[in-house]
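What follows is a set of notes on a single structure, which appears directly below.
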Amino acid sequence: MSLSRASNFIERFGLLFRLPALPVALSLALSGCASFPDWLASSGPSKAQVAEQKKVASPIPVVEVTDAVARTLMAAQTHASFAVALPDMTTRGYAVGPGDTLEVSVWEAPPALLFGTTAIDPRAGAATSRVTTFPEQMVAADGTINVPFAGAIPVAGKSPWAIEKEIARSLSGKANQPQVLVRVTRNATANVTVVGEVGQSVRMPLTAKGERLLDALAAAGGVRQPVGKTTIQLSRGGKVVAMPLEAIIADPAQNIVLQPGDVLTATFQPLSFVALGATGKNEEIPFEAQGITLAQALGRIGGLQDARADAQGVFIFRFEDPAIFPDGGKGLPQTPEGKVPVVYRADLKNPATFLVAQNFPLKNKDVLYVSNAPSTELQKFLNILTSSIFSVSSLVNLGK
């Protein structure tokens, strides 16, 4: 507001109420009007101030909430599912590794020339042979075990059945029709670790059956927190993916086959967003691990304040993965963690936005901010102006 416009307004306002000390009131009002921004500090930036972020040296993108944007964000969440992010779902069977303990047994057809002893069964009158079982041995760091007369046998990465064939081949020509049995007595490598909010942290051995994610949770005694508020994080080969447990149970495709070295972590970490500005309430709002949409979020905070809110100034402040941008977020500012700050704007004066809001996902640690309408700042000015003028009028009347 310019000083000349403010002066004219105050003069008319003073004449209306016939104030005797108009010069004093005018001086107070004009001094206040000169420092208008600080004098009428709002609870946050206006719609125009947020939009101006696109014009600074390191622009923060301000993205309109549209159906296409909502679909892109929903697709990004789908790509973060176990079935998509961890596509190697085939059952490999059990493979021996360094640290495993094996027991090797060898049979020979009679007469046993290398292993066992030959005896005559007086009842059957036939020659029989006895099995020879070697002491258990741990697979060495180089992935081998030693078998008498066969030497060092490479076993790492092989199944017990493949090891049996390898030992029998090495003994061929030395033993009489050798038959080999390999038994894993201690599984030290093909395991899955389950920790977190479970009944008991376990290190579950994998078998040729192909244990799945929910099998491991069951072996750990299930989760200790409500299913709807529990998130399962799977670490595999340096890649970490998290999903709500409720979504895993609802979609059998997410109950993936586990691989050796997988680490499952059940976490009870209530997700939340923060509501600020001209909303029904300003506070941190928790939500379920399954997620929440913008429409649901607005409902939980009591909607917008009719007397204050700018329906075109609904903003979601978020740190996004650069992968959602077509160019990978090149040229945009990034945090040390590699995230891109983004501001989404929803125009609630457009009826179509209410349909889009039902599919626009809110994420953990989002800030939902509703700016004040321009008329709100004017109303603040009028309230303070009225208070100042009537205060001066009261002082003058007291002096009479």
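Hey, any hits in segment 309-316 for a residue that's outside the structural domain of residue 223 (by TED's automatic domain parsing), surrounded by fewer than 17 Cβ atoms within 10 Å (Cβ to Cβ), over 30 Å from residue 201 (Cα atoms) and of a type in the set (Asp, Glu)?
So far as segment 309-316 goes, no, none of its residues is outside the structural domain of residue 223 (by TED's automatic domain parsing), surrounded by fewer than 17 Cβ atoms within 10 Å (Cβ to Cβ), over 30 Å from residue 201 (Cα atoms) and of a type in the set (Asp, Glu).
Within segment 120-148, how many residues turn out to be at pLDDT below 90 and in contact with a helix residue (DSSP H, G or I) (Cβ under 9 Å, 6 or more places away or on another chain)?
0
I'm checking my understanding of the structure. Among residues of segment 205-235 that are farther than 24 Å from residue 80 by Cβ and among the charged types (D, E, K, R), which one is surrounded by the fewest Cβ atoms within 10 Å (Cβ to Cβ)?
209
Within the group 311, 289, 295, which residue is under 21 Å from the mean Cα position of the chain (by Cα) and outside any loop (DSSP other than H, G, I, E, B)?
295
Output the residues belonging to segment 195-254 that are under 15 Å from the mean Cα position of the chain (by Cα) and without any contact (Cβ under 8 Å) to a residue 24 or more places away in the chain.
240
Taking segment 182-201 on its own, how many of its residues are surrounded by 15 or more Cβ atoms within 10 Å (Cβ to Cβ) and assigned to a strand (DSSP E or B)?
Summing the residues that are surrounded by 15 or more Cβ atoms within 10 Å (Cβ to Cβ) and assigned to a strand (DSSP E or B) in segment 182-201 gives 9.
Can you tell me which residues in segment 163-172 are loosely packed, with under 15 Cβ neighbours inside 10 Å and assigned to a helix (DSSP H, G or I)?
165, 169
Report yes if residue 299 is in the same structural domain as residue 60 (by TED's automatic domain parsing), over 30 Å from residue 351 (Cα atoms) and either at pLDDT 90 or above or surrounded by fewer than 17 Cβ atoms within 10 Å (Cβ to Cβ) (or both), otherwise no.
Against the criterion (in the same structural domain as residue 60 (by TED's automatic domain parsing), over 30 Å from residue 351 (Cα atoms) and either at pLDDT 90 or above or surrounded by fewer than 17 Cβ atoms within 10 Å (Cβ to Cβ) (or both)), residue 299 does not qualify.
Picking from 378, 348, 382, which residue would you name as being modelled with pLDDT of 80 or more, surrounded by 11 or more Cβ atoms within 10 Å (Cβ to Cβ) and not small (Gly, Ala, Ser)?
348
Does segment 169-178 hold any residues that are farther than 14 Å from residue 134 by Cβ and modelled with pLDDT of 90 or more, and which are they?
169
(1) β-branched (Val, Ile, Thr); (2) modelled with pLDDT under 85; (3) part of a helix (DSSP H, G or I): which one isn't true of residue 117, the others all being true?
With respect to (1) β-branched (Val, Ile, Thr); (2) modelled with pLDDT under 85; (3) part of a helix (DSSP H, G or I), residue 117 is out only on (3).
The values are calculated or read from the model by the stated rules, or taken from the named source; none is laboratory data. Keep in mind that this is a model prediction, so the values were computed, not measured. Please note: Cβ atoms are built from the backbone with ideal geometry, for glycine as well, and neighbour counts cover all protein chains shown.
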